[in-house]
Each structure stands twice: as structure tokens, then as C-alpha cells.
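The values are calculated or read from the model by the stated rules, or taken from the named source; none is laboratory data. Computed from a predicted model, the values in this text were never measured in an experiment. Neighbour counts run over all protein chains shown; Cβ positions are idealised from the backbone, glycine included. Each accessible area value is taken on the protein alone, full model and side chains, heavy atoms only, with ligands, DNA and RNA left out. Shrake-Rupley method; radii C 1.70, N 1.55, O 1.52, S 1.80 Å.
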Protein chains: 2
Amino acid sequence: MNIHSLAASSTQTDPGNKRERIIHATIRLISEYGFHGTPISMIAQEAGVGAGTIYRYFKDKDTLVLEIFKQVNCAFKQTLLHGYDEGQPVRDRFLHLCRGIFQYGMKNPYEFKFIEQFYNSPYGTTLRREKIFCNCGDTGQDLPLEQVFAAGQAQQVIKALPLAALIALAIGPIVFLVKDSIAGLIQLDEATIHNTLAACWDAIQQETGTNRQPVVTPSFFATEEKP
Amino acid sequence: MNIHSLAASSTQTDPGNKRERIIHATIRLISEYGFHGTPISMIAQEAGVGAGTIYRYFKDKDTLVLEIFKQVNCAFKQTLLHGYDEGQPVRDRFLHLCRGIFQYGMKNPYEFKFIEQFYNSPYGTTLRREKIFCNCGDTGQDLPLEQVFAAGQAQQVIKALPLAALIALAIGPIVFLVKDSIAGLIQLDEATIHNTLAACWDAIQQETGTNRQPVVTPSFFATEEKP
DNA sequence: ACAGGCGGAATGAACATTCATTCCCTTGCA
DNA sequence: TGCAAGGGAATGAATGTTCATTCCGCCTGT
């Protein structure tokens, strides 16, 4: 798997809309069966094109999937920023982004699961570790969610947990629930979505009231493990 | 020199420990590459046995993986019940189970990812939908986590969210964090684990104080989507 | 008529599974 | 105690299938 052909995308406008059909077929099938579980022949059939035609548009299977991932991932990020206002309070910005992830997953189940598949593959893990990601106007800066966490911690409205933990607390439940929804295991109504998102906020927010267990600081655990 | 006997181990009890070696190799490889990404030949090599030997112990690749899943899933559930006391308060029981998942994942990364892979495969989804699961002393009753949620809701210490949402809020972040840890993307210390688990509780617990946004009820959303 | 996109058969590699053979432990017999 | 035959376990080359990729003749738009 090599990385080239960044922009051979549209030699001429678009002959049929074969490229699009191939992309959608790939997303749908890989989201369900995974990379190794979806042969090129299956993609060709689903797209309604000949197997050879796929190679007119993509160098090989690896390139096909990687290019689709970049495209889908960028579109996903763009979606999150729709209507996003940096001037809003931390809680509102947080909920906007989380709701965006939720809605994206509900409206684009195949893309959502495709992204999941990719991130959980060895290739995806490498990508994350090397922080390559895609550049879709992305200047290498933090994702907005990370900015929200930083701002929230500065204002002491968000817990002083490691970034990875905050991300897990925010996104973990959403991914979990969206996957269950896509699989048809549950039916989500708007109230449940709203309350779940509020619960995600409860998880990361720094309590200021008195009716809460104190958060234990790292130094507490210097010598012992459990009270 | 001698005549019989140092090892009565062979014919019946454990021929070598090949079966074990095959199982461990399968878990390790599938946890990393997925079902379709790990050929039998690779499993045989990793286990240090001939490819044909695997078929002495398992009917085919599907059976191999399914049997391993049952075994691993049951062992996982048993682990969670270690030291579990139904007489404890809801919060303590909840934290015990969540911590158990966390620790299991950290100590058994291959098994943890194997279970993940399985649940996210088409087969795993089907299994979940049909609620077949394995019966390892499992009398078909609810998982302890579900019992805790039910008890907590009865006592009004846990939010009145659908079961699937509560499970997502509890397990989602843990799965997320453990996977990051296994991938080597983060380093977890005990304090972070403790605080993250506490945050999971914050997510599902029903506030009794006054400094909290009210939880919106379903009827609120009957006609509109966003205030 | 022709240039180039297109489908799908052709190709060689890789895969799951089988099977003839080898290996090694047990056991009957001298 | 020594020895060799018997039999189940193990092996890896053989088999038939499926895969990714290539190739070539057809066909459409111009």
C-alpha cells in the first residue's frame, strides 16, 4: 500500500457516475463486512460496474479504501462544524459537537461504520498514532472537541482528566449507541438522544456543588490502590 | 531404562497443549487482523503446529472462532463476578463491574479485542440480536450490570434512561479507553482509571441536588426538536 | 471510422480444507 | 527387559476455490 495519486480524481468531469457508485458500494459493503471481507468482485456487482472498471478509477484496493476514508472523514468533520459557534459557552459547544456526531451516525450509518472499521484496523491505528489524518483544510490544529475541553478545563467547568479520557467519556457512549441503533438493536427517540448527550456532559463536567463525591487526585494513589 | 509412565497426559487429557496453543494464536491474531485478515496458515505458524492439525481440534475456521468466543466470553463474565457482592450499594456494585471490565481489558488485551472484533462482526450482531450468547452457568438471566441499573432506577439514584443508553454510558468510555491503551496511544495510571470510572457514574447517576440542568422528559420533544 | 471507456474472462497468487504419509507412544509378546 | 507391531496424532503437500489484478475485444459517442 503506497501513498500517491493525491488528486487524479476527476480526469474529465464524471463519465457516468461510476466513481460515485463504486465509492458508495465500497462504503456500504466494508461497513458491514470489513476490508478483508469484501472482495472487489462484490463491490463491482453492488456498484453495477465491471470489476476491471474499478481499476480505472483507483490504483488498487488499498488506495480505494484509503481515498474513501480521507473523503468520508473530511466530510464528517465538516458536518460537525456546521452551525458551530466558538463564541458559545463550553457546554453548548460540547453538546453541539456531540449531537453532530450522533446525527451524522444516524443519517450516514454506512459512512459511520466505515470510519469505525477503518480506525479499528491496523492501518487506522497506525494513522492515529502518526497523526497523519487527512488534510481537508485541516491545518494540523486540534479538533474543535479538544479545544472545547481545553477551554472548559481553563474555566474549571470540565474535569482535569487526560484528554484521552475526556474524549472516551464524550464519544464512547455515542459510538456505542449509534452502532446499536444502526444494527437495529434499539430505537432511539429524540428525548433519549438529548438525555444521553446531557449525561455525557455530566460525565465530564466539573461539579461545583456540594452533593458530590470528591474527585481523587493522582497523588492520592502514589502508594495505595484502593481506599 | 524406564518402562511406563511419566506422563499419562497424552491420549486423553492433553495431547500436547496444542489445542491451547491454537486457541491463543487465534485470539492474538484475530484480535489484531480480524477474522478475514488471519489465514489458517498464519494461525498454524503462530501456534507452531501444522495447518492440518487445527482441523483435528476444530471442524472449520468458523467453528474455531465461535468456540473460542464462547469460551473467552464466559471467562470474561466470570471475572466480572469475582468479589461481586449483591449486598453492596448500587454505586459500589456499578463501580466494581466497570472496574472489572477495565482490568480485564488491561490484563487480557488480546481477549478483549477479540471479543470486540466478534461483537462488531455480522455474526456477533446476529448473536446479540437473537440473544443466544453462551451458557456458562448463565441461566438466561440478565447480566449483573443490568440488574444494577434496574435496582438503581428503582431507588431513583440512576437516571430513567433506556437500558441501552445506560450501558452505552457505562461501557462505551471504558471500551474506548482500553482500546487506546492497548494500541499504545495512551498510558493509563490508576488515578485516571479511578476518576474515569467515577465520571461514568456521574453520567448515569440521578442528581438530587439543585445545581443541575433539569432532565427533559420525552413529552417535551413531541413536537419540536431544539429549543 | 475511430479513440477510449468499459465489462468480464483470463491469470496467477493466496486461501481453506483434505488426505496420504510420517511419527511416536502404547502394548503384546518373546 | 527388549522388540516390533498397531494405531491414533501430526504433518504439510495436494486440491479445488476465491481473490486481486490484468488484459483484450466490444461498443458508444463523436
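Are any residues in region B:155-200 charged (D, E, K, R) and buried (at least 22 other Cβ atoms within 10 Å of the Cβ), and if so, which ones? Working first, answer last.
The first filter runs over region B:155-200 and keeps only residues charged (D, E, K, R), leaving B:159, B:179-180, B:189-190.
The answer is B:LYS159, and nothing else.
Looking only at residues in region B:26-61 that are within 14 Å of another protein chain (Cβ to nearest Cβ) and free of Cβ contacts under 8 Å to residues at least 12 places away in the same chain, the one that is nearest to DNA strand D (Cβ to nearest atom) is B:HIS36.
Residues of region A:71-93 being out of contact with any strand residue (DSSP E or B) (no Cβ under 9 Å at 6 or more places or on another chain) and buried (at least 18 other Cβ atoms within 10 Å of the Cβ), which ones?
As a first pass, look at region A:71-93 and keep what is out of contact with any strand residue (DSSP E or B) (no Cβ under 9 Å at 6 or more places or on another chain): A:71-89, A:92-93.
Scanning region A:71-93 gives A:VAL72, A:ASN73, A:PHE76, A:LYS77, A:LEU80, A:ARG93.
If the condition is being under 21 Å from A:THR192 (Cα atoms) and facing chain B (nearest Cβ under 7 Å), then region A:152-181 contributes A:ALA168, A:LEU169, A:ILE171, A:GLY172, A:PRO173, A:VAL175, A:PHE176, A:LEU177, A:ASP180. Residues in region A:107-123 that are over 12 Å from the mean Cα position of the chain (by Cα), closer than 22 Å to A:ALA25 by Cα and either at pLDDT below 95 or open to solvent by less than 30 Å² (accessible area, probe 1.4 Å) (or both): 2 in all.
With respect to B:ASN108, is the statement that it is within 20 Å of B:ARG21 (Cα to Cα) and away from DNA strand C (no atom under 16 Å from the Cβ) true? Full working, then the answer.
On the way: within 20 Å of B:ARG21 (Cα to Cα): yes; away from DNA strand C (no atom under 16 Å from the Cβ): yes.
So B:ASN108 passes the test.
For the residues A:ILE182, A:ILE171, A:ILE186, the requirement of being within 17 Å of B:ALA170 (Cβ to Cβ) and touching a residue at least 40 places away in the same chain (Cβ under 8 Å) singles out A:ILE171. Does A:TYR104 meet the test of being under 15 Å from A:LEU143 (Cα atoms), among the hydroxyl-bearing types (Ser, Thr, Tyr) and open to solvent by less than 60 Å² (accessible area, probe 1.4 Å)? Answer is no for this residue. Put simply, of A:VAL65, A:VAL49 the only residue that is under 28 Å from A:ILE171 (Cα atoms), open to solvent by less than 70 Å² (accessible area, probe 1.4 Å) and not assigned by TED's automatic domain parsing to the domain that holds A:LEU143 is A:VAL65. Would you check if there is a residue in region A:94-101 being surrounded by fewer than 15 Cβ atoms within 10 Å (Cβ to Cβ), modelled with pLDDT of 95 or more, within 14 Å of another protein chain (Cβ to nearest Cβ) and closer than 29 Å to A:LEU166 by Cβ? Looking for residues that are surrounded by fewer than 15 Cβ atoms within 10 Å (Cβ to Cβ), modelled with pLDDT of 95 or more, within 14 Å of another protein chain (Cβ to nearest Cβ) and closer than 29 Å to A:LEU166 by Cβ, one finds none in region A:94-101, hence no.
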